[in-house]
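Enquirer: Quick one: this structure, given as C-alpha cells, is what I'll be asking you about.
The values are calculated or read from the model by the stated rules, or taken from the named source; none is laboratory data. Keep in mind that what you see is a predicted model, and the values were worked out from it rather than measured. Neighbour counts are summed over all protein chains in view; Cβ atoms, including those assigned to glycine, are modelled from backbone coordinates with ideal geometry.
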Amino acid sequence: MRLATDSCILDFSDREAVVGLARSVEADAVVSVGSDIAGIVAADVSEQLELPTLVSSITAELCNSKGRMRERLASSQAGVGFEVIGPGDLARLETAQLPVFVKPASAQGQRAIALAEDRESLRESVAAAQAASRDGHAILEEYLDGPELSANGYVVDGRVVFTAVSDRETWPAFVGLVSAHRWPSVWASSELESEVHALLQTVVDRMNIEHGSVYAQVKLSGGRPRLVEVAPRLDGCHLWRLIRAATGVDLLSIAIEHTIDGRQPSVRDFEPTKAHPHRLDFICQPTGGSADYSGWVGGPLGGTYYNQGDEIRSVNGRFEKIGYSISAVPE
C-alpha cells in the first residue's frame, strides 16, 4: 500500500465494481497475490477486459472447488481419498471412516477445518464446514499422518521450473492452523525435492496450470509426499518473502513482470544467489480478543496487522494471525 499511487475500498466479489475500477484507472493488469477468491475475480475481470493473466478463470475456479479438484486428481499420484457431503447427505456420516479431516468445499483462510475422531464431532464439524462453504457442501478427506510441508512452485508453458519445499508448523491446540514456516525443510533431501517436484507437475498437468505461481500444502505420509491443498497463486503466508530472504529468488517480482510485461522468466531468474536457512513465525491470538504485542520481539523482516488493543476480527474463527516475523536460523 505504501507504493500505491491510490487506493479504493470495495467488495472485490462485486465483479462489476472491479471492472469499473480497472477501466477508470486504465489498468494494465488486475492481479491478486495470495487469495483464492480474489484470484478468481482477478482472472475473470482480466478476461473480460482482455488484459494479461497467468491463470484462467476456469482453472482458478477449479482449484478453489475442493470437490472438483479432488475429482480431477483422483486417479493420479496426487489423489487422496475424499467424499463430498451435501446438505441432504448427512446419513452418510454414520458410515464414514474415522478419523477424517473435514473442510468446506469452497472457502479459504483455514475456515471451519477440523479433525473429527468420533461421530458427534463429525456431525458438528460437517455442519460448520457446510455453513462456511459458499456452495453449502463439506469435504471429508482421508486422514494423513505425518509432518506438513509447503511447496512453492513456478510454471512456464505448463512445466514446473522452480520448486521450494519448506516445513509448515501448526499450533498443537488448533488443527491445521499454521504457526511457522522454515526453509529449508528439516526433511529436505534431493529425493524429497524430486518427489515434490513431480507431484507439482502432476497437479499442473491435471489442473491445466499453464503459467505462474503454484502453491501446495503437502503431508509427508508413509514416507512419501501427499497433496492436501493446491492453488494457482503465491501462498497467502508470506512464504515468498521467506524464500526471497533465504535464497534471493523473488517469486512476486517474477510473477508481476511475467503478467504485465509478458516476459517469461529464464532459468537464471530461479538460481539462488544465497542459501541461508530462515524461518517465518506468526503471532496469533484468539478471535474477538484485543491485539497484544507486549513481549513479542519481531525479526528484521515482518509486520503487524493491528494496532495495540484493536479487536481481532474473525478469519478462521479460532486463532488469528496478527503479525509475522522472518529471521535467519543460526547454522
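Enquirer: Which count do you get for residues in region 18-76 that are surrounded by fewer than 18 Cβ atoms within 10 Å (Cβ to Cβ), touching a residue at least 40 places away in the same chain (Cβ under 8 Å), over 22 Å from A112 (Cβ atoms) and of a type outside the set (S, T, N, Q)?
Expert: Matching residues across region 18-76 total 5.
Enquirer: Read through the list (1) within 30 Å of D89 (Cα to Cα); (2) over 18 Å from the mean Cα position of the chain (by Cα), then give the number of the only condition that A198 fails.
Expert: Only one criterion is unmet by A198, namely (1).
Enquirer: Could you please tell me which pairs satisfy a Cβ distance under 9 Å, a separation of 6+ or placement on different chains, a first residue in region 4-15 that is farther than 19 Å from G39 by Cβ, and a second residue that is modelled with pLDDT under 85?
Expert: Listed by first residue and then by second, the contacts come to S7/M1.
Enquirer: Which members of region 282-311 meet the condition of being touching a residue at least 24 places away in the same chain (Cβ under 8 Å), assigned to a strand (DSSP E or B) and within 26 Å of A246 (Cα to Cα)?
Expert: Once the filter is applied, which keeps residues that are touching a residue at least 24 places away in the same chain (Cβ under 8 Å), assigned to a strand (DSSP E or B) and within 26 Å of A246 (Cα to Cα), region 282-311 yields F282, I283, C284, L301, G302.
Enquirer: Taking the criterion of being among the basic types (K, R) and more than 17 Å from the chain's Cα centre (by Cα), would at least one residue in region 105-125 satisfy it?
Expert: yes
Enquirer: Name the one entry in P104, P184 that is modelled with pLDDT under 90, in contact with a strand residue (DSSP E or B) (Cβ under 9 Å, 6 or more places away or on another chain) and surrounded by 15 or more Cβ atoms within 10 Å (Cβ to Cβ).
Expert: P104
Enquirer: Can you give me the ranges of the strands (runs of 3 or more DSSP E) entirely in region 174-251 with at least 3 residues that are in contact (Cβ under 8 Å) with a residue 24 or more places away in the chain and of a type in the set (S, T, Y)?
Expert: 212-221
Enquirer: G248: modelled with pLDDT of 95 or more, surrounded by fewer than 13 Cβ atoms within 10 Å (Cβ to Cβ), out of contact with any helix residue (DSSP H, G or I) (no Cβ under 6 Å at 6 or more places or on another chain) and among the small types (G, A, S), yes or no?
Expert: no
Enquirer: Oh, and also: Can you give me the number of residues within region 139-160 that are out of contact with any Gly (no Cβ under 8 Å at 6 or more places or on another chain) and not in a loop (DSSP other than H, G, I, E, B)?
Expert: Residues meeting the conditions: 9.
Enquirer: Same structure again: Are there any strands (runs of 3 or more DSSP E) wholly within region 44-118 with 3 or more residues that are not small (G, A, S), and if so which?
Expert: Result: 82-85, 100-104.
Enquirer: Checking I326 against (1) within 24 Å of the chain's Cα centre (by Cα); (2) in a loop (DSSP other than H, G, I, E, B); (3) more than 28 Å from A129 (Cβ to Cβ): exactly one of these is not met. Which one?
Expert: Among (1) within 24 Å of the chain's Cα centre (by Cα); (2) in a loop (DSSP other than H, G, I, E, B); (3) more than 28 Å from A129 (Cβ to Cβ), I326 violates only (2).
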